[in-house]
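Here's the structure, in structure tokens; my notes come after.
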Amino acid sequence: MAAVDLYWLPLGAGGNCVRLNGRVYEALAAWVRRRPRLDLYHSALEVSIADDTYVIEQTPVPDLSGERRGVVASGAVGSRLAGRLRIFRYEIRVWRGGRIPDVAEAVDSPQRLSSDEGCARRVLEAVPQVPTPVWGRDQLHTGEMWNSNSVIAWVLARSGIDAASTRPPAGGRAPGWQAGVKVARRSA
């Protein structure tokens, strides 16, 4: 059986630093746009084909053993110059047999996006082609920063899944999602 499942994880699940920074960021963004604060979400995918399951996610680089986690791409966080240091790098994984670390905290998840094997294979094939601009910046001129949500949205859109109509849980938002959709449309 094939499946493409989307998970919405509260930003900072499993750690206080990211959660605090996310709340500060959202408070400022809400104040600037004169809107209420919303919950922030990070997205990840789980793709199943036959007896194999793969986790697709963008995360910080925990160590130099990326091949064990199925790392297919990486990029800098904040600035290309800072990206020379591992602490300022991100990795994109297609982790066979992997797991989403904070999946127990996922909200309204999983969302089954497809049960078509061809679609699931297209998702897996798209991941190594994802752009890797600097995380947290708008180098691709989409009006939104590039981040983990951008990666997932780009992969879905390039695979033929309607990422543009995919929404995070009620009362929340996924910063960067539209950047991924826009860049995928440009490169299509």
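The values are calculated or read from the model by the stated rules, or taken from the named source; none is laboratory data. Bear in mind that the values here come from a model prediction, so they are computed numbers and not experimental data. As a convention, Cβ positions derive from the backbone with ideal geometry for all residues, glycine included, and neighbour counts pool all protein chains shown.
Regarding ALA170, is this residue assigned to a loop (DSSP other than H, G, I, E, B) and more than 20 Å from GLY180 (Cα to Cα)?
Working: assigned to a loop (DSSP other than H, G, I, E, B): yes; more than 20 Å from GLY180 (Cα to Cα): yes.
When the stated conditions are applied, ALA170 passes them.
Scan ARG93, ARG84 and give me the residue that is basic (Lys, Arg) and farther than 14 Å from THR59 by Cβ.
Working: ARG93 fails: farther than 14 Å from THR59 by Cβ.
Criteria check complete, one pass: ARG84.
Residues that are surrounded by 14 or more Cβ atoms within 10 Å (Cβ to Cβ), modelled with pLDDT under 95 and more than 12 Å from the chain's Cα centre (by Cα): does segment 111-122 have at least one? Quick ask: steps written out before the conclusion?
Taking segment 111-122 and keeping what is surrounded by 14 or more Cβ atoms within 10 Å (Cβ to Cβ), we get 111, 113-114, 116-117, 119-122.
The next check asks that each one be modelled with pLDDT under 95; those that pass are none.
No, segment 111-122 contains no residue that is surrounded by 14 or more Cβ atoms within 10 Å (Cβ to Cβ), modelled with pLDDT under 95 and more than 12 Å from the chain's Cα centre (by Cα).
Please verify whether ALA184 is surrounded by 22 or more Cβ atoms within 10 Å (Cβ to Cβ) and more than 20 Å from GLY70 (Cβ to Cβ), treating the condition exactly as stated.
Yes, satisfied.
If you take the residues of segment 126-143 that are without any contact (Cβ under 8 Å) to a residue 40 or more places away in the chain and either assigned to a loop (DSSP other than H, G, I, E, B) or not aliphatic (A, V, I, L, M) (or both), which of them is surrounded by the most Cβ atoms within 10 Å (Cβ to Cβ)?
Kept after step one, since they are without any contact (Cβ under 8 Å) to a residue 40 or more places away in the chain, are these residues of segment 126-143: 126, 129, 139, 141, 143.
This time we only want the ones that are either assigned to a loop (DSSP other than H, G, I, E, B) or not aliphatic (A, V, I, L, M) (or both), so: 129, 139, 141, 143.
On the way: GLN129: 12, GLN139: 14, HIS141: 10, GLY143: 9.
Residue satisfying both the conditions and the ranking: GLN139.
So, in segment 40-50, of the ones that are surrounded by fewer than 18 Cβ atoms within 10 Å (Cβ to Cβ) and either of a type in the set (A, V, I, L, M) or at pLDDT below 95 (or both), which residue ends up nearest to the chain's Cα centre (by Cα)?
ILE49
Mind counting the residues in segment 146-173 that are surrounded by fewer than 19 Cβ atoms within 10 Å (Cβ to Cβ) and aliphatic (A, V, I, L, M)?
So the answer is 2.
Identify the residue in segment 1-39 that is of a type in the set (A, V, I, L, M) and modelled with pLDDT of 90 or more and, among all such residues, is surrounded by the fewest Cβ atoms within 10 Å (Cβ to Cβ).
Going residue by residue through segment 1-39, those that are of a type in the set (A, V, I, L, M) are 1-4, 6, 9, 11, 13, 18, 20, 24, 27-30, 32, 38.
Those still in the list that are modelled with pLDDT of 90 or more too: 2-4, 6, 9.
Working: ALA2: 16, ALA3: 18, VAL4: 27, LEU6: 23, LEU9: 23.
Checked segment 1-39; the qualifying residue surrounded by the fewest Cβ atoms within 10 Å (Cβ to Cβ) is ALA2.
Would it be correct to say that ARG99 is modelled with pLDDT of 95 or more, among the basic types (Lys, Arg) and closer than 21 Å to LEU6 by Cα?
no
Tell me whether segment 162-171 contains one or more residues that are within 11 Å of the chain's Cα centre (by Cα) and under 19 Å from ARG121 (Cα atoms).
Scanning segment 162-171 turns up no residue that is within 11 Å of the chain's Cα centre (by Cα) and under 19 Å from ARG121 (Cα atoms).
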